[in-house]
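The values are calculated or read from the model by the stated rules, or taken from the named source; none is laboratory data. Computed from a predicted model, the values in this text were never measured in an experiment. Every residue, glycine among them, receives a Cβ derived from its backbone with ideal geometry; neighbour counts consider all protein chains shown. Remember, those area values only see protein heavy atoms, side chains included, never the ligands or the DNA or RNA. Shrake-Rupley method; radii C 1.70, N 1.55, O 1.52, S 1.80 Å.
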Amino acid sequence: MRILFLGDIVGRSGRDGVTARLPELRRQLSLDLVIVNAENASHGFGLSPGIARDLMGCGVDVITLGNHAWDRRDLIGEIDGMPAVVRPLNFPPGTPGQGSTVVTLADGRKALVVNVMGRLFMDPLDDPFRLTLELLARHRLGVTVQAAVVDVHAEASSEKWALGHVLDGKVSLVVGTHTHTPTADHRILKAGTAFQSDAGMCGDYDSVIGMQKEAAVARFVRKMPGERLQPAEGEATVCGLMVETDDVTGLARKVAPLRQGGMLSGAMPDF
Ligand SMILES: [Fe+2]
Ligand SMILES: [Fe+2]
């Protein structure tokens, strides 16, 4: 299965970058499954139901979220009717929406997509390790699903690496989101799971993690509440990674980063 995962879409710049490039990327890379993190798609904060539908209309199959999941309150009432929008698995019991989804491709192959949040330097939540393992006991790679992708939405790379090792051999890909900075550590772990600490954001990098730099810098310097942060509006770099998996084992055969547009150096998978 050929899977593209794109990191946090930030504001209009990120949305425009993804919607402009995705149809061609889908064709050019023969993608079977496209997953994007869109927790910052609505003006940097949250995801409106309308933007979720727009993303799906341009070739996105599954949307993951994170700590900004509920910044757009209108999603709270609609998420239960949107099976392809996944919020963190370790939110408290009774939270609307779901922490994972199983997508069935046109040819019948199935893929599990999970969103889970780390706890280091983040809100206190339920144990991401235990809950993910409990979920995977019900979705066996190569048995009930042909591929499985876990988006680890976390601040600390140490926690992401640790979860990668715990899930190695049990899923196709463990990929980090939330820092908005792409890491160069993409690799296939010992037991066959592809891993990258952070996919990076889809947004304008002439910014502070996607937000206009002047106001963001002032917050650090003045230590006082300032003006509301606004997304930067320059051209986005669309950032993520591509994985090719083996349909029998569900494990990764190849992994490569993708970066297109904007001010970061370009990268395109060549398989
Ligand atoms: Fe984010
Ligand atoms: Fe986040």
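Across segment 171-183, which residue is surrounded by the fewest Cβ atoms within 10 Å (Cβ to Cβ) among those that are more than 18 Å from R2 (Cα to Cα) and either among the hydroxyl-bearing types (S, T, Y) or more than 16 Å from ligand 1 (Cβ to nearest atom) (or both)?
T181
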Members of segment 1-32 that are surrounded by fewer than 22 Cβ atoms within 10 Å (Cβ to Cβ) and part of a strand (DSSP E or B): R2
Take segment 79-128 and flag every residue that is outside any loop (DSSP other than H, G, I, E, B) and among the β-branched types (V, I, T). I79, V85, V86, T101, V102, V103, T104, V113, V114, V116
Failed criterion for R87 (all others in (1) crowded, with 23+ Cβ neighbours inside 10 Å; (2) more than 17 Å from the chain's Cα centre (by Cα); (3) under 18 Å from P128 (Cβ atoms) hold): (2)
Take H186 and tell me if it is open to solvent by 40 Å² or more (accessible area, probe 1.4 Å), under 23 Å from V86 (Cβ atoms) and touching a residue at least 40 places away in the same chain (Cβ under 8 Å). yes
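Rundown of residues vs (1) away from ligand 2 (no atom under 16 Å from the Cβ); (2) touching a strand residue (DSSP E or B) at 6+ places or on another chain (Cβ under 6 Å); (3) of a type in the set (D, E, K, R), yes/no style:
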| residue | (1), (2), (3) |
| --- | --- |
| G142 | yes, no, no |
| D151 | no, yes, yes |
| E155 | no, no, yes |
| V166 | yes, no, no |
| L173 | yes, yes, no |
| H180 | no, no, no |
| T193 | yes, yes, no |
| D206 | yes, no, yes |
| L241 | yes, yes, no |
From the options L189, L264, residue that is away from ligand 2 (no atom under 16 Å from the Cβ), among the hydrophobic types (A, V, I, L, M, F, W, C) and either within 25 Å of F91 (Cα to Cα) or in contact with a helix residue (DSSP H, G or I) (Cβ under 8 Å, 6 or more places away or on another chain) (or both): L189
Between a first residue in segment 57-75 that is away from ligand 2 (no atom under 16 Å from the Cβ) and among the aliphatic types (A, V, I, L, M) and a second residue that is part of a helix (DSSP H, G or I) and modelled with pLDDT of 95 or more, which pairs have beta carbons less than 8 Å apart while being 6 or more apart in sequence or on different chains? V60/V18; V60/L22
